[in-house]
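The values are calculated or read from the model by the stated rules, or taken from the named source; none is laboratory data. The structure displayed is predicted, hence computed values, not measured ones. Accessible surface is based on the protein model in full, side chains and every heavy atom, while ligands, DNA and RNA are left aside. Shrake-Rupley method; radii C 1.70, N 1.55, O 1.52, S 1.80 Å.
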Amino acid sequence: MATAVESRRRDLSLVPCLRRRKEDPIQSSEREPEINKLPDSLLLEILCRLPCQWALRCKSVSKHWLSLISHPYFIRCFIHHHHQHQFGKLYSSPFTLLLQFKSKSKSQKNIFVYASNKSKSKSEFFLDLDFLNFPFRVAASFNDLLLVRNNVKVNEYHICNPFTKECFSLPRLPHTDLIRRRNRKSLVGFICDPYSCDKHYGCFTNAHYRYKVLLIRSPTSESNTSDQSQLQMEIFSSETGEWCNSIVSVSLKLNPFGIGSILTGVVANNGKLYWVDVEKETGKIQGFVVFDPFKEEEQCRYINPPIDLVLFQPVFFGAFQGRLRMFQHLWCPRYSFFVWELEDEEASTWCMKHKVYLKHDLVHKVYLKHEDYFLSGLVSNDFLAFHPYNGEIVFLQSGNYIVLCNMRTMELKIERKLQNMPCILSSYFTKFVLLLLQPSWPTPIPPLPLKFGG
């Protein structure tokens, strides 16, 4: 630990000598605050020890502080310091569960947020996206970034950080691409790749990163042959700043996108994008498609499902600690579900992690105090997300409640009520669920250019 601190102190000589703003003659007669007389190296050491929100607020103190705190060197030092002082524990950043509903009423909120670092007050945690001055829908997320689509101008996408209220507009899709997409369902993928990783501290510096946005068009009979498919994609790359059309081949014949593919969406994990291949007519899970957008070869891989997967019953999937997981809710017996984890992607090897059979009496006992819930006459436990840090916990929605389920002890805990939300009892066809991970320093938008160093 001491070696790391000494090393960082030696690196303070690399702190840029930022030009300080010339004082106004009237202001110069006033006594300058003592902290402004400190050298930048010492000021940096002080600021990087503040909580993130306090450090962000310090940007408004002066132009000099704004330049210092916005510099990639400060961001790297801030991230290193907060990871370094976890006293040997694995750093666990706060996370936010975002539930997006369909609402016919303009006055009714259609986004609900469950925050892991919520306050003890009973106030609702609606995500504040009021800085977006257009009607939108969240299309995808990656860590603390959201990809939102303009509901009026459907070929317009924006990347925003809801915690810093920064937003960046992508170039609009070419008109010809828009015409083709209107007649076909599409999946949306969004993935970022940091340029720098500090192995000594075991953390990423998110000041510099590249990202890609993918619009994956549904396979058609014209794009399928007897033994393979050709997937058409529009891909935006931060490295070129442009959209490009791409045709990606798959070694198997893929099914057109149905409601099963749309609801499960595209999962980003370990630099790759995953989505489910579902038989449109029957809902049978055929497998998973894998695509690495950062590789030059335009080829998708295919992962077979677990051999013990229950056919014709819907699945949901997500990532846990860099590993792909799949959730399947069973219709019989009631209140039961299975969870698998992908062990070997090359061999399509899955491991059954949990078999959960919730007892009928336990389920009703948990909800006994909530009379408004039983007025619905329906008790269900629909999948929301895997807990990002506890492999035994899964988030469920039961009626208008967010529920935590411990898959090892098979215990349920009502975590929060979805107040003032559309009265929807089933998660199917109604909402889109996103899990936002908040790094120790918010991801800047757009990425800081590499020419500044870092």
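Using modelled backbone amide H atoms (1.01 Å from N, in-plane), which distant-in-sequence or interchain residues come within less than 5 Å of Gly287's amide H?
Asp277
Would you check the accessible area of Thr282, probe 1.4 Å, heavy atoms only, in square angstrom rounded to 10?
Using a 1.4 Å probe on the heavy atoms, I get roughly 70 Å².
Heavy atoms only, 1.4 Å probe, whole protein assembly: order Arg172, Arg301, Arg76 by accessible area, highest first. Intermediate results must be reported in sequence, preceding the final value.
Values: Arg172 120, Arg301 70, Arg76 45 Å².
Putting Arg172, Arg301, Arg76 in descending order of accessible area: Arg172, Arg301, Arg76.
Near the amide H of Phe383, under 5 Å away, which other amide H atoms are found, from residues 5 or more places off or on another chain, if H is placed in the peptide plane?
Long-range HN contacts for Phe383: Gln397.
Residue by residue through the range 71-84, which ³J(HN,Hα) values in whole Hz follow from phi under the Karplus form 6.51 cos²θ - 1.76 cosθ + 1.60 (θ = phi - 60°), with glycine and proline marked x?
So the J values, rounded to whole Hz, are 6, x, 5, 5, 4, 5, 5, 4, 4, 4, 4, 6, 6, 5.
If you count only protein heavy atoms and use a 1.4 Å probe, how large is the accessible surface of His64, to the nearest 10 Å²?
20
If amide H atoms are built 1.01 Å from N in the plane of the peptide, which residues on other chains or at least 5 residues away come under 5 Å of the amide H of Ala139?
Leu147, Val148, Arg149
Hey, what do the phi angles of the range 324-331 turn into as Karplus ³J(HN,Hα) couplings, whole Hz, using 6.51/-1.76/1.60 and θ = phi - 60°, x for Gly and Pro?
3J(HN,Hα) across the range 324-331, in whole Hz: 6, 10, 10, 10, 10, 8, 8, 7.
What ³J(HN,Hα) values, in whole Hz, does the Karplus curve 6.51 cos²θ - 1.76 cosθ + 1.60 give for the range 253-259 when θ = phi - 60°, with x put for Gly and Pro?
Calculated HN-Hα couplings, in order: 7, 9, 7, x, 5, x, 5 Hz.
Sorted by accessible area (1.4 Å probe), largest first, how do Lys353, Lys359, Lys413 line up? All intermediate terms of the calculation are to be shown ahead of the outcome.
Values: Lys353 90, Lys359 150, Lys413 120 Å².
Per-residue accessible area, sorted high to low, gives Lys359, Lys413, Lys353.
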